[in-house]
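*Asks:* Below you'll find the structure I mean.
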Amino acid sequence: MSFVVTELRGKVALLSLNNPRKKNALSHAVMTELMHVLTELQADKVPVVVLGATRESNVWSSGSDIGELPRSHRDPFGYDDSLEALLRTIQRYPGAVMAMVRGGVWGGACDLVMTCDLIIGDETSSFAITPAKLGIPYNATGILHFINRLGLNVAKEMFFSAEPISAERAERVGILNHLVASDKLMDFTLDLADRIASRSPLAVAVIKEQFRILAGAHPLSPEAFERIQGLRRQVYDSQDYEEGIQSFLEKRAPRFKGE
């Protein structure tokens, strides 16, 4: 079974997450397949990619596959882990990568959507970043994705509360480029994708790379970097981290102790 359904529509590639049984969780297998498809599309010089989910999916993605996260004493979102590699693949894809969202987007999938260049959603779309529900320390790169897109106030609320943001608010705060009625979502998204695909692919690729470089142009001293890593280590070495994952797997509310 393919976890990613690929369809070429002219100069636009439509990729659909296709693991509804697991709510399109971002397992290592799903992310590896996504990276493989994106690498092939880059080689074929496809200028625009639209990332969505199949109609059978009642959520866009439930986020990272919790069962695959390390139980303790290792960074769950290190530089070489699958999610980070996938996000870099999207950032460095030399063309526009658009997210077309129908349904809920949770956890690591929310970071995936935030990393896309544009986001189009319908009235059923919602967005939640949930590490605080599981006692998971999120990484600095991911937090920066949210700060760059939303600013500090909304980013802090999303991370601290772990509550979903509705489609209407998502449009107001800048998560969504466009909020579109569900029956028009596909046509609207593909029309915008076609217009982008008709522009100079070299110009779009160069401008996108400039955005990537400038968005990350925040000086950070070695001391500050080590401080961040030390803070995160306190969490993934903690009992709260183990309890968060265990409670999720046992489908019960976590009993956090702050230690």
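*Asks:* Need pairs with beta-carbon distance below 7 Å; first residue touching a residue at least 24 places away in the same chain (Cβ under 8 Å) and more than 17 Å from residue 9 (Cβ to Cβ) and within segment 37-58, second of a type in the set (Gly, Ala, Ser) and surrounded by 15 or more Cβ atoms within 10 Å (Cβ to Cβ); sequence gap 6+ or separate chains.
*Replies:* Qualifying pairs under 7 Å: 57/103; 58/103.
*Asks:* Which ones in segment 217-259 are under 12 Å from residue 134 (Cβ atoms), more than 23 Å from the chain's Cα centre (by Cα), of a type in the set (A, V, I, L, M) and not in a loop (DSSP other than H, G, I, E, B)?
*Replies:* Selection gives nothing.
*Asks:* Any idea how many residues of segment 198-216 are more than 20 Å from the chain's Cα centre (by Cα) and of a type in the set (D, E, K, R)?
*Replies:* 1
*Asks:* What residue, of 55, 92, is modelled with pLDDT under 95 and more than 28 Å from residue 245 (Cα to Cα)?
*Replies:* 55
*Asks:* Which helices (runs of 4 or more DSSP H) does segment 99-198 wholly contain that include 3 or more residues that are more than 20 Å from residue 89 (Cβ to Cβ)?
*Replies:* 131-134, 152-161, 167-173, 185-197
*Asks:* A further question follows. Before we move on, is residue 221 out of contact with any strand residue (DSSP E or B) (no Cβ under 9 Å at 6 or more places or on another chain), in contact (Cβ under 8 Å) with a residue 60 or more places away in the chain and of a type in the set (S, T, N, Q)?
*Replies:* no
*Asks:* For a quick check of your reading of the model, give me the residue pairs whose first member lies in segment 76-103 and is among the aliphatic types (A, V, I, L, M), whose second is surrounded by fewer than 21 Cβ atoms within 10 Å (Cβ to Cβ) and in a loop (DSSP other than H, G, I, E, B), with beta-carbon atoms closer than 7 Å and at least 6 apart or on different chains.
*Replies:* 96/117; 97/117; 98/117
*Asks:* Hey, another quick one. Among all residue pairs at least 6 apart or on different chains, which show Cβ distances below 8 Å where the first residue, located in segment 115-130, is charged (D, E, K, R) and the second is part of a strand (DSSP E or B)?
*Replies:* Cβ pairs passing all conditions: 117/96; 117/97; 117/98; 122/101; 122/179; 123/179.
The values are calculated or read from the model by the stated rules, or taken from the named source; none is laboratory data. All figures in this text were calculated on a predicted structure; none of them were measured in a lab. Note that we place each Cβ from the backbone using ideal geometry, even for glycine, and neighbour counts take in every protein chain shown.
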